[in-house]
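Here, each number is a calculation from the coordinates, and none is a lab measurement. Bear in mind the structure is a predicted one, so any value in this text is a computation, not a measurement. Note that each Cβ is placed from the backbone with ideal geometry, even for glycine, and that neighbours are counted across all protein chains shown.
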C-alpha cells in the first residue's frame, strides 16, 4: 500500500485502519481531517488517539505544501502562490475571485516537457509529475491561507495534465468525491495541449468535467510553429478525439486560443477557427497572450482583440475573452518559478 495517505481513496484509508486493528469509524474521521478540514498535520486531529497520530506521522507522513512566495495583484486581488513540496520541488498555483465564486488554478507537473513557445512553464523542461496529493494540497493550502471556500478548480497551471494521466484521474475522484471537498465535476476544468490517446481515455472515465483544448492555431503548419505536440497529432486527429469526447460526455469543449500579435490574430485565422469550432459547438476562449520575457511574444491591442471576437461571433461561434488576471504579479504559468530557478 502507498505511504501517501492523502492520495488514498476512502476504501484504501479504511483498509489501512482495519489493518491496524482499529474500528472502521476511525477511517472516516481520518479522511475527514485530511480532505474536509484540510489538516496540515496529524497533531490537529484531536479526536484520534495520540498513539495512532504518532504512528501515522511516522509511517504515513502527510504531504503538505510550504508557501515560499505569495504575490497579490494590486489590480484585481489575484493571488499567485509558489509552493515547495516535501522534496524541495517548486510549483505554482493561482487563487482568483470571480462573481460566480473563487477559482484555483493548479499545476499538475513540476515544469513541463511539451515545449509550447508561448509558455514559461516549459523553459526548464520537466522535472517530474505531481502526485494526486500534491495537486490536492495546492488547493488545501490556499484554503488554509485565505480562509475562503473554493468553488471551481482549473488544472491549467504548470505541466500537461494528460501527461500525468493516472494521478490526474485519482485527483479528480478525490476532489469530487462526497467524502472530501465534494466539488461538482462540472466545476472542474482540465486543460490539454492535445495528447490524443488520453483524450479518448478521458472520454471513457464517466466524468462531467470540462475539457479545454489549447488550440492556439487553426492550421497544422501554424500550430507546429508554436506547439511541438502538433508534430505528433494533426488538428484533424484532435478534432476527431474532441468529437468523441463531446459525444460521450455531452460536455461542451472549450478551445483555448492565445492571441499573439502578428502570429495568429488575422481574419483568415478567425475563419479557420470558425471551421473547427462550429461542428463541435465548441466555446472559444480568447486569451491575449501574457507577455513572457523569454519568448518575445506580445498580445494584440484591445481594439484588435474585440474585432477578432466580433468576426467569430458574426460567424455563429460562441466566444469569450478571458479576463487577464495577475499581469502585475507574473501571472503567466511558470513565470514566478522561473525567477526562483534563475
Q.
Connecting C-alpha atoms closer than 10 Å in a GNM of the chain, tell me which of 83, 308, 171 has the biggest fluctuation.
A. 308
Q) Looking only at 74, 241, 217, which one moves most when the chain is put into a Gaussian network model with springs between Cα atoms under 10 Å? A) 74
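Please order 129, 73 by the number of other Cβ within 10 Å, starting at the fewest.
Sorted ascending by nearby Cβ count, the order is 73, 129.
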Q | segment 121-160 and segment 238-298: distance between their alpha carbon centers, rounded to Å | A | 24 Å
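If we count other beta carbons within 10 Å of each Cβ, what is the order of 220, 166, fewest first? Could you put the intermediate results ahead of the total?
Details: 220 16, 166 10.
If I rank by nearby Cβ atoms, fewest first, I get 166, 220.
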Q | Top of 249, 64, 303 by mean-square fluctuation, Gaussian network on the chain, Cα under 10 Å | A | 303
**Q.** Between helix 302-314 and the chain: long-axis angle, C-alpha atoms, 0 to 90°, nearest 10
**A.** 80 degrees
Q) Counting pairs of alpha carbon atoms under 8 Å apart in space and at least six apart in sequence, what relative contact order in percent does segment 188-303 give? A) 26 percent
Q. Going by how many other beta carbons lie within 10 Å of each one, how would you line up 94, 68, 317, fewest first?
A. 68, 317, 94
Q | Crossing angle, helix 10-19 versus the chain [Cα axis fit, 0-90 degrees, rounded to tens] | A | 20 degrees
Q.
Computed from the coordinates I sent, Cα extents along the principal axes in Å equals one of [x] 68, 42, 36; [y] 67, 53, 38; [z] 59, 43, 37. Tell me the label.
A. [x]
Q: Just the number, please: percent antiparallel of the DSSP beta bridges in the chain, rounded to the nearest 5.
A: 45 percent
Q: State whether segment 81-136 is rounded, prolate or oblate according to the following rule on the C-alpha gyration tensor (a ≥ b ≥ c being the square roots of its eigenvalues): a/c under 1.5 gives rounded; otherwise a/b larger than b/c gives prolate, and the remaining case gives oblate.
A: oblate
